[in-house]
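Data first, discussion second: the structure below is written as structure tokens.
The values are calculated or read from the model by the stated rules, or taken from the named source; none is laboratory data. Computed from a predicted structure; not experimentally measured. Glycine also receives a Cβ, built like all others from the backbone with ideal geometry; neighbour counts cover every protein chain displayed. The protein model used for the area step is the full one, side chains on, heavy atoms only, and it has no ligands, DNA or RNA in it. Shrake-Rupley method; radii C 1.70, N 1.55, O 1.52, S 1.80 Å.
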Amino acid sequence: MAKVLVTGGAGYIGSHTVYHLLRAGHDVFVVDDLSRGRLESVEPSRLQQFNLLDTERLASLCRSERFDAVIHFAGFIAVGESMRLPELYFRNNVSATISLFEAMDAAGLRRLVFSSSAAVYGEPRGNPIREDSPCAPVSPYGESKLTVERMLRWLDLTKGLRSVSLRYFNACGAEPGSGLGEAHEPETHLIPLLLRAVKTGRPATIFGDDYPTPDGTCIRDYIHVSDLAAAHIAALEWLLGGGATETLNVGTGAGHSVREVIAAVEEVTGTKVPYRIGPRRPGDAPVLVADPERLGRLFGWQPRYRSLREMVRTAWDFEKTRENFRGGNG
Ligand code: UDP
């Protein structure tokens, strides 16, 4: 059993990972300022509500609790928003992470699992993407994640900080029966937006149908959030077992276009998704599909969910429980 500090543990992926960590018998503390997280996603007794930029408070927590490791989720995640507000993304994703590094150093804490992103690759030359593909982000969000990965390489060399950076592809779905799910405010992600369109009858927007893909819409690698959580637990165990610093893709290796996601939502909900075609969203690459071979080889990790429809079904089951549910189309 390990004692783990989880930053951003009230968020979507963070709260699912906390849920699975607790079920695996680990002890968990969450630091989250709730600027984007959901209070109801985390047990109040486990939550400390403050911003990671408060280095003193973070250092004193790390010193007093003597954590074995940190899993660092806290950060902002919207590619489009990062194009409008780059300073905010560099402050929340880079400056706050430096503050965390300082606090960890002050407490002699040297194991970290970091939430990185496929956005570090920018527009890759080929798919599926291996970890040694060139990194050339096309958004401040992606740049902020790559900057932290680069800092982590130096902290390994200079301070012996061992880390696993997990480059997430497109997290989706919800752990059945957990009460947890994807509920960002504002929501920017495709699957919850399509489910809301079904609920409200208000059309979703497809961001561009003139991409160089078979049906003209962007292709992404959708990975179930519980499989992502399992990858974090495997990374934690790797570090606790003395494993070296690693950077790993987390995806299924299968790509689905926006139109295929719409078809899956229609199948699961039994309702036509109202949508319109809009312009491309700045910062979106046409295709991002993981090669997850390295994660499987090092950690023995394999996704439990491989069917997009099953992933969407778990998202829909969560969405139906949300209070503004109006049922049906319209
Ligand atoms: N997308 C869309 N309409 C939306 C939200 C997203 O067409 O309202 C597209 C987006 O362009 C991308 C895919 O859906 O190709 C997944 O986007 P999302 O924001 O869910 O995740 P990202 O790929 O940005 O991490």
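Just the residues that are over 20 Å from Ile129 (Cβ atoms) and in contact with a Gly (Cβ under 7 Å, 6 or more places away or on another chain), please, taken from the stretch 183-225.
Passing the criteria: Thr188, Gly201, Thr205, Ile206, Phe207, Asp209, Asp210, Val225.
Being at pLDDT 95 or above, closer than 26 Å to Thr205 by Cβ and either open to solvent by less than 30 Å² (accessible area, probe 1.4 Å) or not small (Gly, Ala, Ser) (or both) narrows it down to one of Val261, Val250, so name that one.
Residue meeting the stated conditions: Val261.
Let's see how each residue does on (1) in a loop (DSSP other than H, G, I, E, B); (2) farther than 29 Å from Leu295 by Cα; (3) β-branched (Val, Ile, Thr):
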site: Val198; (1), (2), (3): no, yes, yes
site: Thr205; (1), (2), (3): no, yes, yes
site: Tyr211; (1), (2), (3): yes, yes, no
site: Gly216; (1), (2), (3): yes, yes, no
site: Ser226; (1), (2), (3): no, no, no
site: Ala229; (1), (2), (3): no, no, no
site: Gly242; (1), (2), (3): yes, no, no
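Could you tell me whether the stretch 188-204 includes any residue that is in contact with a Leu (Cβ under 9 Å, 6 or more places away or on another chain), on the phi < 0 side of the Ramachandran plot and in contact (Cβ under 8 Å) with a residue 24 or more places away in the chain?
Within the stretch 188-204 (the criterion being in contact with a Leu (Cβ under 9 Å, 6 or more places away or on another chain), on the phi < 0 side of the Ramachandran plot and in contact (Cβ under 8 Å) with a residue 24 or more places away in the chain), the answer is yes, since at least one residue qualifies.
From (1) open to solvent by 30 Å² or more (accessible area, probe 1.4 Å); (2) assigned to a strand (DSSP E or B), pick out the condition that doesn't hold for Met83.
(2) is the only condition that Met83 fails.
Going residue by residue through the stretch 80-93, is there one that turns out to be touching a strand residue (DSSP E or B) at 6+ places or on another chain (Cβ under 9 Å), at pLDDT below 95, on the phi < 0 side of the Ramachandran plot and within 15 Å of the ligand (Cβ to nearest atom)?
Yes, the stretch 80-93 contains at least one residue that is touching a strand residue (DSSP E or B) at 6+ places or on another chain (Cβ under 9 Å), at pLDDT below 95, on the phi < 0 side of the Ramachandran plot and within 15 Å of the ligand (Cβ to nearest atom).
Got at least one residue in the stretch 27-35 being farther than 25 Å from Gly241 by Cβ, at pLDDT 95 or above and hydroxyl-bearing (Ser, Thr, Tyr)?
no
Could you say which residue among Leu228, Leu240 is under 17 Å from Arg167 (Cβ atoms) and either in contact with a strand residue (DSSP E or B) (Cβ under 9 Å, 6 or more places away or on another chain) or open to solvent by 40 Å² or more (accessible area, probe 1.4 Å) (or both)?
So the residue among Leu228, Leu240 that is under 17 Å from Arg167 (Cβ atoms) and either in contact with a strand residue (DSSP E or B) (Cβ under 9 Å, 6 or more places away or on another chain) or open to solvent by 40 Å² or more (accessible area, probe 1.4 Å) (or both) is Leu228.
Quick test for you: out of Ala119, Ala96, pick the one residue that is in contact (Cβ under 8 Å) with a residue 12 or more places away in the chain, within 16 Å of the ligand (Cβ to nearest atom) and in contact with a strand residue (DSSP E or B) (Cβ under 9 Å, 6 or more places away or on another chain). Write out each step before concluding.
Values: Ala96 fails: within 16 Å of the ligand (Cβ to nearest atom).
Only one candidate passes the filter, namely Ala119.
Could you grab me the full set of residues in the stretch 129-175 that are within 19 Å of Val289 (Cα to Cα), of a type in the set (A, V, I, L, M) and under 15 Å from the mean Cα position of the chain (by Cα)?
Those that are within 19 Å of Val289 (Cα to Cα), of a type in the set (A, V, I, L, M) and under 15 Å from the mean Cα position of the chain (by Cα): Leu146, Leu166, Ala171.
Would you point out which residue out of Val28, Val6, Val70 is free of Cβ contacts under 8 Å to residues at least 60 places away in the same chain and open to solvent by less than 30 Å² (accessible area, probe 1.4 Å)?
Of the residues listed, the single one that is free of Cβ contacts under 8 Å to residues at least 60 places away in the same chain and open to solvent by less than 30 Å² (accessible area, probe 1.4 Å) is Val28.
Report yes if some residue within the stretch 110-124 is in a helix (DSSP H, G or I) and either open to solvent by 10 Å² or more (accessible area, probe 1.4 Å) or more than 17 Å from Ala78 (Cα to Cα) (or both); otherwise report no.
First, pick out the residues of the stretch 110-124 that are in a helix (DSSP H, G or I): 118-121.
From what is left, the residues that are either open to solvent by 10 Å² or more (accessible area, probe 1.4 Å) or more than 17 Å from Ala78 (Cα to Cα) (or both) are 119.
Yes, the stretch 110-124 contains a residue that is in a helix (DSSP H, G or I) and either open to solvent by 10 Å² or more (accessible area, probe 1.4 Å) or more than 17 Å from Ala78 (Cα to Cα) (or both).
Taking the condition open to solvent by less than 60 Å² (accessible area, probe 1.4 Å) and within 16 Å of the ligand (Cβ to nearest atom), does Gly173 pass? Give the derivation first.
On the way: open to solvent by less than 60 Å² (accessible area, probe 1.4 Å): yes; within 16 Å of the ligand (Cβ to nearest atom): yes.
Answer is yes for this residue.
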